[in-house]
1. Of all residues in region 1-10 being modelled with pLDDT under 90 and outside any helix (DSSP H, G or I), which is nearest to I155 (Cα to Cα)?
2. Which count do you get for residues in region 11-46 that are under 30 Å from H262 (Cα atoms) and either modelled with pLDDT of 95 or more or surrounded by fewer than 18 Cβ atoms within 10 Å (Cβ to Cβ) (or both)?
3. Quick one: K296 ticks every box in (1) under 30 Å from A187 (Cβ atoms); (2) charged (D, E, K, R); (3) surrounded by 15 or more Cβ atoms within 10 Å (Cβ to Cβ); (4) in contact with a helix residue (DSSP H, G or I) (Cβ under 7 Å, 6 or more places away or on another chain) bar one, so which box is it?
4. What is the number of the single condition among (1) crowded, with 24+ Cβ neighbours inside 10 Å; (2) out of contact with any Ser or Thr (no Cβ under 7 Å at 6 or more places or on another chain); (3) in a helix (DSSP H, G or I) that Q86 does not meet?
5. V61 passes all but one of (1) at pLDDT 90 or above; (2) buried (at least 20 other Cβ atoms within 10 Å of the Cβ); which number fails?
6. In the set V408, V346, which member is surrounded by 17 or more Cβ atoms within 10 Å (Cβ to Cβ) and among the β-branched types (V, I, T)?
7. Out of G213, G202, G225, G173, report the one residue that is without any contact (Cβ under 8 Å) to a residue 12 or more places away in the chain and outside the structural domain of E389 (by TED's automatic domain parsing).
8. Quick one: is I46 touching a Cys at 6+ places or on another chain (Cβ under 8 Å), hydrophobic (A, V, I, L, M, F, W, C), touching a residue at least 12 places away in the same chain (Cβ under 8 Å) and not in a helix (DSSP H, G or I)?
Amino acid sequence: MIAQAKTFYIETFGCQMNAHDSEKVIGTLEHEGYVRVQDEEDAGLILYNTCSIRDKAEQKVFHRLNEYKRMQGEGKQFAVLGCVAQQEGEKIFEKAPFVSLVSGSASYRNLPEMLVRLEAGEKRITGLDDRRTQDATFDTEFTTRSNPHRGYITIIEGCDKFCSYCVVPYTRGKERSRASDSIMAEAQRMASLGYTDIQLLGQNVNSYRDPLGQRTFAQVLEAIGALQGVRRVRFTTSHPRDFTPDIIEVIDRMPTVCDHVHLPVQSGSSTVLKAMQREYTREWYLERIAWIKAAKRDISMTTDIIVGFPGETEEDFEQTMSLLDEVGYDAVYAFQYSQRPNTPAVGMPDTVPDDVKAARLQRLMDAQRERQRISYERHLGQVMDVMVEGYNSQRGQITGRSSQNKTVNFTTSQPILPALGSYQQVRITRSFPNSLVGEAVLAG
(Lines give C-alpha, C1' and ligand atoms only; values in the text may rest on other atoms or scores of the structure.)
Protein backbone atom coordinates (compact mmCIF):
# COMPACT_ATOMS: atom_id res chain seq x y z
CA MET A 1 0.00 0.00 0.00
CA ILE A 2 2.88 2.37 0.73
CA ALA A 3 4.42 1.62 -2.67
CA GLN A 4 1.09 2.19 -4.42
CA ALA A 5 0.63 5.56 -2.69
CA LYS A 6 3.80 6.79 -4.37
CA THR A 7 3.01 5.64 -7.89
CA PHE A 8 1.21 7.69 -10.52
CA TYR A 9 -0.29 7.40 -13.98
CA ILE A 10 -0.90 10.44 -16.17
CA GLU A 11 -2.95 10.76 -19.33
CA THR A 12 -2.74 13.87 -21.48
CA PHE A 13 -5.40 15.28 -23.79
CA GLY A 14 -4.99 18.12 -26.27
CA CYS A 15 -2.24 20.34 -27.60
CA GLN A 16 1.56 20.48 -27.41
CA MET A 17 1.29 22.97 -24.56
CA ASN A 18 -0.56 20.30 -22.56
CA ALA A 19 1.98 17.65 -23.55
CA HIS A 20 4.81 19.86 -22.28
CA ASP A 21 2.86 20.78 -19.14
CA SER A 22 2.58 17.05 -18.44
CA GLU A 23 6.35 16.71 -18.80
CA LYS A 24 6.73 19.36 -16.11
CA VAL A 25 4.09 17.74 -13.89
CA ILE A 26 5.84 14.37 -14.27
CA GLY A 27 9.18 15.94 -13.34
CA THR A 28 7.67 17.56 -10.27
CA LEU A 29 5.99 14.33 -9.15
CA GLU A 30 9.20 12.36 -9.58
CA HIS A 31 11.11 14.99 -7.62
CA GLU A 32 8.55 14.54 -4.82
CA GLY A 33 9.27 10.81 -4.69
CA TYR A 34 6.57 9.45 -6.98
CA VAL A 35 7.26 6.70 -9.52
CA ARG A 36 5.50 6.76 -12.88
CA VAL A 37 3.71 3.60 -14.06
CA GLN A 38 2.28 2.86 -17.51
CA ASP A 39 -0.98 1.28 -16.36
CA GLU A 40 -3.62 3.02 -14.25
CA GLU A 41 -4.31 -0.28 -12.48
CA ASP A 42 -0.84 -0.06 -10.90
CA ALA A 43 -1.12 3.60 -9.86
CA GLY A 44 -1.98 5.08 -6.50
CA LEU A 45 -2.56 8.50 -8.09
CA ILE A 46 -4.24 8.92 -11.49
CA LEU A 47 -3.99 12.32 -13.19
CA TYR A 48 -5.81 13.60 -16.27
CA ASN A 49 -4.31 16.66 -17.95
CA THR A 50 -7.28 18.00 -19.87
CA CYS A 51 -8.22 20.08 -22.91
CA SER A 52 -11.38 22.15 -23.37
CA ILE A 53 -10.68 23.86 -26.70
CA ARG A 54 -13.51 21.83 -28.27
CA ASP A 55 -16.56 20.19 -26.78
CA LYS A 56 -15.53 16.67 -27.81
CA ALA A 57 -12.21 16.95 -25.99
CA GLU A 58 -14.00 17.98 -22.81
CA GLN A 59 -16.57 15.18 -23.11
CA LYS A 60 -13.75 12.66 -23.51
CA VAL A 61 -12.36 13.62 -20.10
CA PHE A 62 -15.63 13.08 -18.25
CA HIS A 63 -16.22 9.85 -20.14
CA ARG A 64 -12.80 8.63 -19.03
CA LEU A 65 -13.47 9.63 -15.43
CA ASN A 66 -16.73 7.72 -15.51
CA GLU A 67 -14.88 4.65 -16.80
CA TYR A 68 -12.55 4.70 -13.80
CA LYS A 69 -15.19 5.40 -11.19
CA ARG A 70 -15.03 1.67 -10.44
CA MET A 71 -11.52 2.15 -9.06
CA GLN A 72 -12.51 4.53 -6.29
CA GLY A 73 -12.96 1.62 -3.88
CA GLU A 74 -9.37 0.49 -4.47
CA GLY A 75 -7.83 3.36 -2.50
CA LYS A 76 -6.75 5.26 -5.62
CA GLN A 77 -6.71 9.03 -5.77
CA PHE A 78 -7.72 11.08 -8.82
CA ALA A 79 -6.63 14.51 -10.05
CA VAL A 80 -8.00 16.58 -12.93
CA LEU A 81 -5.53 19.10 -14.32
CA GLY A 82 -5.45 21.63 -17.14
CA CYS A 83 -8.08 23.55 -19.03
CA VAL A 84 -11.20 21.58 -18.04
CA ALA A 85 -10.07 21.84 -14.42
CA GLN A 86 -9.75 25.63 -14.67
CA GLN A 87 -13.02 25.96 -16.60
CA GLU A 88 -15.19 23.71 -14.43
CA GLY A 89 -13.44 24.26 -11.09
CA GLU A 90 -15.17 22.78 -8.07
CA LYS A 91 -18.07 21.59 -10.22
CA ILE A 92 -15.83 18.64 -11.11
CA PHE A 93 -16.21 17.43 -7.53
CA GLU A 94 -19.97 17.36 -8.03
CA LYS A 95 -19.74 15.49 -11.36
CA ALA A 96 -17.04 13.11 -10.10
CA PRO A 97 -17.04 13.02 -6.25
CA PHE A 98 -14.11 10.57 -6.19
CA VAL A 99 -11.77 13.25 -7.61
CA SER A 100 -9.54 14.70 -4.87
CA LEU A 101 -7.56 17.40 -6.70
CA VAL A 102 -8.51 19.95 -9.37
CA SER A 103 -5.83 22.28 -10.71
CA GLY A 104 -5.51 24.65 -13.64
CA SER A 105 -2.18 25.00 -15.41
CA ALA A 106 -1.34 28.34 -13.79
CA SER A 107 -1.30 26.61 -10.38
CA TYR A 108 1.15 23.82 -11.21
CA ARG A 109 3.90 25.75 -9.43
CA ASN A 110 1.98 24.91 -6.23
CA LEU A 111 1.83 21.20 -7.03
CA PRO A 112 4.35 20.09 -4.34
CA GLU A 113 2.24 21.75 -1.63
CA MET A 114 -0.98 20.26 -3.05
CA LEU A 115 0.64 16.79 -3.07
CA VAL A 116 1.47 17.11 0.63
CA ARG A 117 -2.18 17.89 1.35
CA LEU A 118 -3.28 14.98 -0.82
CA GLU A 119 -0.97 12.55 0.99
CA ALA A 120 -2.39 13.80 4.31
CA GLY A 121 -5.82 12.60 3.19
CA GLU A 122 -7.33 15.97 2.38
CA LYS A 123 -10.18 15.96 -0.14
CA ARG A 124 -11.36 18.56 -2.67
CA ILE A 125 -8.01 20.30 -3.11
CA THR A 126 -8.06 23.09 -5.69
CA GLY A 127 -5.50 25.15 -7.55
CA LEU A 128 -7.61 27.59 -9.54
CA ASP A 129 -5.78 30.86 -10.09
CA ASP A 130 -7.81 33.33 -12.14
CA ARG A 131 -6.72 36.17 -14.45
CA ARG A 132 -6.23 38.48 -11.46
CA THR A 133 -3.85 36.13 -9.64
CA GLN A 134 -1.94 34.58 -12.54
CA ASP A 135 1.38 36.35 -12.71
CA ALA A 136 4.10 33.71 -12.67
CA THR A 137 5.03 31.36 -15.49
CA PHE A 138 5.52 27.69 -14.66
CA ASP A 139 9.31 27.40 -14.79
CA THR A 140 10.70 24.23 -13.32
CA GLU A 141 14.01 22.44 -13.37
CA PHE A 142 12.20 19.14 -12.86
CA THR A 143 10.90 18.64 -16.41
CA THR A 144 10.95 14.98 -17.48
CA ARG A 145 11.09 15.11 -21.26
CA SER A 146 9.50 12.26 -23.20
CA ASN A 147 11.79 12.58 -26.24
CA PRO A 148 15.59 12.61 -25.82
CA HIS A 149 16.19 14.45 -29.10
CA ARG A 150 13.33 16.95 -29.49
CA GLY A 151 12.12 19.14 -26.64
CA TYR A 152 9.71 21.96 -25.84
CA ILE A 153 10.27 25.29 -24.12
CA THR A 154 7.25 27.34 -23.09
CA ILE A 155 8.17 31.02 -23.58
CA ILE A 156 4.74 32.61 -23.05
CA GLU A 157 1.60 31.42 -21.30
CA GLY A 158 -1.99 32.61 -21.44
CA CYS A 159 -3.86 34.74 -23.95
CA ASP A 160 -5.17 38.32 -24.05
CA LYS A 161 -6.78 38.13 -27.50
CA PHE A 162 -10.32 37.15 -26.42
CA CYS A 163 -11.56 35.74 -29.72
CA SER A 164 -15.31 35.34 -29.36
CA TYR A 165 -15.29 31.53 -29.76
CA CYS A 166 -12.29 30.71 -27.58
CA VAL A 167 -12.10 29.57 -23.97
CA VAL A 168 -8.30 29.83 -23.69
CA PRO A 169 -8.14 33.32 -22.08
CA TYR A 170 -10.36 31.97 -19.30
CA THR A 171 -8.61 28.61 -18.82
CA ARG A 172 -5.00 29.66 -19.43
CA GLY A 173 -5.13 33.16 -17.97
CA LYS A 174 -3.50 36.37 -19.04
CA GLU A 175 -0.44 36.55 -21.25
CA ARG A 176 2.82 36.38 -19.31
CA SER A 177 6.22 35.93 -20.90
CA ARG A 178 9.33 34.29 -19.46
CA ALA A 179 12.48 36.35 -19.18
CA SER A 180 14.75 35.76 -22.17
CA ASP A 181 17.72 34.81 -19.97
CA SER A 182 15.59 32.03 -18.40
CA ILE A 183 14.64 30.79 -21.87
CA MET A 184 18.23 30.86 -23.07
CA ALA A 185 19.46 29.03 -19.96
CA GLU A 186 16.94 26.22 -20.55
CA ALA A 187 17.82 26.03 -24.25
CA GLN A 188 21.53 25.86 -23.41
CA ARG A 189 20.89 23.04 -20.91
CA MET A 190 18.93 21.14 -23.55
CA ALA A 191 21.61 21.61 -26.18
CA SER A 192 24.30 20.41 -23.78
CA LEU A 193 22.20 17.28 -23.11
CA GLY A 194 22.05 16.47 -26.81
CA TYR A 195 18.71 17.95 -27.83
CA THR A 196 19.01 19.07 -31.44
CA ASP A 197 15.38 20.06 -32.14
CA ILE A 198 13.89 22.73 -29.86
CA GLN A 199 10.31 23.91 -30.20
CA LEU A 200 9.14 27.18 -28.60
CA LEU A 201 5.58 27.08 -27.32
CA GLY A 202 2.87 29.54 -26.46
CA GLN A 203 -0.84 29.99 -27.02
CA ASN A 204 0.34 32.93 -29.12
CA VAL A 205 4.07 32.29 -29.20
CA ASN A 206 4.94 35.35 -31.28
CA SER A 207 3.12 37.64 -28.83
CA TYR A 208 6.21 37.15 -26.63
CA ARG A 209 7.38 40.28 -24.81
CA ASP A 210 10.64 39.92 -22.89
CA PRO A 211 10.11 41.20 -19.32
CA LEU A 212 13.80 42.18 -19.36
CA GLY A 213 13.41 44.15 -22.59
CA GLN A 214 16.50 42.43 -24.00
CA ARG A 215 15.19 40.36 -26.91
CA THR A 216 12.27 40.35 -29.34
CA PHE A 217 10.64 37.06 -30.29
CA ALA A 218 12.67 36.97 -33.52
CA GLN A 219 15.87 37.59 -31.57
CA VAL A 220 15.04 34.70 -29.21
CA LEU A 221 14.64 32.44 -32.26
CA GLU A 222 17.96 33.60 -33.63
CA ALA A 223 19.82 33.22 -30.33
CA ILE A 224 18.61 29.65 -29.80
CA GLY A 225 19.35 28.80 -33.43
CA ALA A 226 22.95 29.94 -32.89
CA LEU A 227 23.55 27.55 -29.95
CA GLN A 228 26.12 24.84 -30.60
CA GLY A 229 24.46 21.50 -31.30
CA VAL A 230 21.03 22.90 -32.15
CA ARG A 231 19.94 21.80 -35.64
CA ARG A 232 16.32 22.93 -35.62
CA VAL A 233 14.27 25.62 -33.89
CA ARG A 234 10.50 25.54 -34.32
CA PHE A 235 7.72 27.69 -32.90
CA THR A 236 3.96 27.32 -32.50
CA THR A 237 1.33 28.74 -32.48
CA SER A 238 1.65 32.19 -34.07
CA HIS A 239 -1.11 34.80 -34.07
CA PRO A 240 -1.47 36.90 -37.24
CA ARG A 241 -1.85 40.12 -35.21
CA ASP A 242 1.70 39.77 -33.85
CA PHE A 243 3.35 38.31 -36.94
CA THR A 244 6.14 40.67 -37.98
CA PRO A 245 8.64 40.82 -40.90
CA ASP A 246 11.64 40.24 -38.63
CA ILE A 247 10.43 36.66 -38.05
CA ILE A 248 10.76 35.97 -41.79
CA GLU A 249 14.14 37.72 -41.84
CA VAL A 250 15.45 35.37 -39.14
CA ILE A 251 14.11 32.28 -40.96
CA ASP A 252 15.94 33.46 -44.10
CA ARG A 253 19.14 34.27 -42.20
CA MET A 254 19.34 31.24 -39.90
CA PRO A 255 19.27 27.76 -41.50
CA THR A 256 18.58 26.29 -38.05
CA VAL A 257 15.27 28.18 -37.73
CA CYS A 258 12.80 25.91 -39.50
CA ASP A 259 11.17 26.90 -42.77
CA HIS A 260 7.63 26.37 -41.51
CA VAL A 261 5.03 28.85 -40.22
CA HIS A 262 1.74 27.79 -38.67
CA LEU A 263 -0.49 30.88 -38.93
CA PRO A 264 -4.14 30.21 -37.98
CA VAL A 265 -6.58 32.19 -40.12
CA GLN A 266 -9.85 30.60 -38.80
CA SER A 267 -11.92 32.01 -41.71
CA GLY A 268 -11.39 33.52 -45.14
CA SER A 269 -14.30 35.92 -44.69
CA SER A 270 -13.64 39.36 -43.18
CA THR A 271 -17.26 39.40 -41.98
CA VAL A 272 -16.79 36.18 -40.03
CA LEU A 273 -13.36 37.29 -38.78
CA LYS A 274 -14.99 40.41 -37.33
CA ALA A 275 -17.64 38.31 -35.57
CA MET A 276 -14.85 36.09 -34.26
CA GLN A 277 -13.10 39.19 -32.85
CA ARG A 278 -9.88 38.22 -34.58
CA GLU A 279 -9.14 41.93 -35.17
CA TYR A 280 -7.78 41.53 -38.69
CA THR A 281 -9.29 41.21 -42.16
CA ARG A 282 -8.68 38.74 -44.97
CA GLU A 283 -6.57 41.36 -46.76
CA TRP A 284 -4.50 42.07 -43.64
CA TYR A 285 -3.83 38.33 -43.20
CA LEU A 286 -2.86 37.94 -46.85
CA GLU A 287 -0.30 40.72 -46.45
CA ARG A 288 1.50 38.51 -43.89
CA ILE A 289 1.26 35.58 -46.29
CA ALA A 290 2.89 37.77 -48.97
CA TRP A 291 5.84 38.38 -46.62
CA ILE A 292 6.27 34.62 -46.20
CA LYS A 293 6.06 33.96 -49.94
CA ALA A 294 8.65 36.68 -50.62
CA ALA A 295 11.22 34.91 -48.44
CA LYS A 296 14.37 33.47 -50.00
CA ARG A 297 13.59 30.06 -48.52
CA ASP A 298 10.57 27.95 -49.48
CA ILE A 299 8.60 28.34 -46.25
CA SER A 300 5.85 25.79 -45.65
CA MET A 301 2.57 27.31 -44.43
CA THR A 302 -0.14 25.59 -42.36
CA THR A 303 -3.25 26.92 -40.67
CA ASP A 304 -6.34 26.32 -38.51
CA ILE A 305 -9.89 26.87 -39.80
CA ILE A 306 -13.27 26.83 -38.05
CA VAL A 307 -16.30 26.08 -40.22
CA GLY A 308 -19.90 26.80 -39.28
CA PHE A 309 -19.29 29.77 -37.00
CA PRO A 310 -22.60 31.50 -36.09
CA GLY A 311 -23.73 33.62 -39.01
CA GLU A 312 -21.39 32.00 -41.55
CA THR A 313 -23.19 32.10 -44.90
CA GLU A 314 -22.47 30.00 -47.96
CA GLU A 315 -20.73 33.05 -49.44
CA ASP A 316 -18.55 33.38 -46.32
CA PHE A 317 -17.62 29.71 -46.58
CA GLU A 318 -16.74 30.08 -50.27
CA GLN A 319 -14.35 32.88 -49.30
CA THR A 320 -12.61 30.44 -46.97
CA MET A 321 -12.44 27.89 -49.79
CA SER A 322 -10.92 30.46 -52.14
CA LEU A 323 -8.31 31.31 -49.50
CA LEU A 324 -6.96 27.75 -49.75
CA ASP A 325 -6.12 28.42 -53.41
CA GLU A 326 -4.75 31.87 -52.78
CA VAL A 327 -2.39 30.83 -49.97
CA GLY A 328 -1.43 27.26 -50.87
CA TYR A 329 -1.26 25.69 -47.41
CA ASP A 330 0.71 22.48 -46.90
CA ALA A 331 -1.76 21.42 -44.20
CA VAL A 332 -5.06 22.65 -42.77
CA TYR A 333 -6.40 21.67 -39.35
CA ALA A 334 -10.12 22.27 -39.69
CA PHE A 335 -12.91 21.80 -37.18
CA GLN A 336 -16.62 22.40 -36.86
CA TYR A 337 -17.50 25.26 -34.53
CA SER A 338 -18.63 24.09 -31.10
CA GLN A 339 -19.91 26.35 -28.34
CA ARG A 340 -17.57 26.84 -25.41
CA PRO A 341 -18.85 28.06 -22.06
CA ASN A 342 -18.48 31.72 -21.06
CA THR A 343 -17.47 32.84 -24.55
CA PRO A 344 -19.30 35.69 -26.39
CA ALA A 345 -20.15 33.42 -29.33
CA VAL A 346 -22.49 31.34 -27.14
CA GLY A 347 -25.22 33.98 -27.39
CA MET A 348 -24.79 34.75 -31.10
CA PRO A 349 -27.80 34.27 -33.41
CA ASP A 350 -27.91 32.47 -36.77
CA THR A 351 -26.53 29.18 -35.56
CA VAL A 352 -25.39 26.99 -38.45
CA PRO A 353 -27.10 23.55 -38.45
CA ASP A 354 -24.87 20.61 -37.61
CA ASP A 355 -25.47 18.89 -40.95
CA VAL A 356 -24.40 22.06 -42.79
CA LYS A 357 -21.26 22.31 -40.64
CA ALA A 358 -20.40 18.68 -41.37
CA ALA A 359 -20.95 19.10 -45.11
CA ARG A 360 -18.80 22.23 -45.25
CA LEU A 361 -16.02 20.59 -43.28
CA GLN A 362 -16.00 17.62 -45.64
CA ARG A 363 -15.91 19.87 -48.72
CA LEU A 364 -13.04 21.85 -47.28
CA MET A 365 -10.98 18.80 -46.34
CA ASP A 366 -11.59 17.12 -49.72
CA ALA A 367 -10.45 20.27 -51.53
CA GLN A 368 -7.40 20.68 -49.29
CA ARG A 369 -6.38 17.07 -49.76
CA GLU A 370 -6.20 17.60 -53.53
CA ARG A 371 -4.23 20.82 -53.05
CA GLN A 372 -1.79 19.03 -50.74
CA ARG A 373 -1.33 16.25 -53.30
CA ILE A 374 -0.23 18.85 -55.84
CA SER A 375 1.78 20.87 -53.30
CA TYR A 376 3.78 17.89 -52.04
CA GLU A 377 4.76 16.98 -55.61
CA ARG A 378 7.08 19.99 -55.68
CA HIS A 379 9.48 18.05 -53.46
CA LEU A 380 10.05 15.23 -55.98
CA GLY A 381 13.75 14.95 -56.69
CA GLN A 382 14.75 17.19 -53.78
CA VAL A 383 17.25 16.08 -51.14
CA MET A 384 15.96 16.77 -47.63
CA ASP A 385 17.55 16.70 -44.20
CA VAL A 386 15.37 14.26 -42.25
CA MET A 387 15.41 13.63 -38.50
CA VAL A 388 14.92 9.92 -37.79
CA GLU A 389 11.91 9.28 -35.53
CA GLY A 390 11.19 5.56 -35.86
CA TYR A 391 11.08 2.41 -37.93
CA ASN A 392 8.27 0.66 -39.78
CA SER A 393 9.41 -2.94 -39.99
CA GLN A 394 6.32 -4.06 -41.94
CA ARG A 395 7.07 -1.63 -44.74
CA GLY A 396 10.84 -1.82 -44.34
CA GLN A 397 10.94 1.94 -43.97
CA ILE A 398 12.52 4.48 -41.64
CA THR A 399 10.18 7.27 -40.52
CA GLY A 400 11.29 10.84 -39.99
CA ARG A 401 10.43 14.49 -40.27
CA SER A 402 11.73 17.29 -42.46
CA SER A 403 12.52 20.83 -41.34
CA GLN A 404 9.11 21.79 -42.75
CA ASN A 405 7.51 19.33 -40.30
CA LYS A 406 6.55 16.91 -43.08
CA THR A 407 6.54 13.16 -42.57
CA VAL A 408 9.19 11.42 -44.67
CA ASN A 409 9.32 7.62 -44.98
CA PHE A 410 12.52 6.33 -46.54
CA THR A 411 14.72 3.31 -47.12
CA THR A 412 18.47 2.84 -46.86
CA SER A 413 20.88 0.40 -48.46
CA GLN A 414 23.04 0.37 -45.33
CA PRO A 415 22.91 -2.81 -43.18
CA ILE A 416 22.70 -0.81 -39.94
CA LEU A 417 19.66 1.42 -39.51
CA PRO A 418 20.32 5.08 -38.61
CA ALA A 419 19.92 5.93 -34.94
CA LEU A 420 16.81 7.61 -33.60
CA GLY A 421 17.40 11.37 -33.45
CA SER A 422 20.08 11.28 -36.14
CA TYR A 423 19.77 13.23 -39.39
CA GLN A 424 19.80 11.64 -42.83
CA GLN A 425 19.97 13.15 -46.31
CA VAL A 426 17.01 11.72 -48.23
CA ARG A 427 16.15 12.07 -51.92
CA ILE A 428 12.37 12.28 -52.41
CA THR A 429 11.04 9.78 -54.96
CA ARG A 430 7.28 9.73 -54.31
CA SER A 431 4.72 12.06 -52.77
CA PHE A 432 1.32 11.69 -51.12
CA PRO A 433 -1.08 14.32 -49.73
CA ASN A 434 0.28 13.91 -46.17
CA SER A 435 3.73 12.37 -46.55
CA LEU A 436 6.81 11.94 -48.71
CA VAL A 437 8.77 8.81 -49.64
CA GLY A 438 12.45 8.67 -50.44
CA GLU A 439 15.81 6.95 -50.36
CA ALA A 440 18.75 7.77 -48.11
CA VAL A 441 21.63 9.45 -49.94
CA LEU A 442 24.95 7.83 -49.13
CA ALA A 443 27.66 10.15 -47.93
CA GLY A 444 30.76 10.55 -50.00
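The values are calculated or read from the model by the stated rules, or taken from the named source; none is laboratory data. This one's a predicted model, so the numbers in the text were calculated from it and none came from an experiment. As a convention, Cβ positions derive from the backbone with ideal geometry for all residues, glycine included, and neighbour counts pool all protein chains shown.
1. Checked region 1-10; the qualifying residue nearest to I155 (Cα to Cα) is K6.
2. Total meeting the criteria: 4.
3. Exception for K296: condition (3).
4. If we test Q86 against (1) crowded, with 24+ Cβ neighbours inside 10 Å; (2) out of contact with any Ser or Thr (no Cβ under 7 Å at 6 or more places or on another chain); (3) in a helix (DSSP H, G or I), just (2) comes out false.
5. (1)
6. Being surrounded by 17 or more Cβ atoms within 10 Å (Cβ to Cβ) and among the β-branched types (V, I, T) holds for just one of V408, V346, which is V408.
7. None of the others qualify; the one that does is G213.
8. No: the conditions fail for I46.
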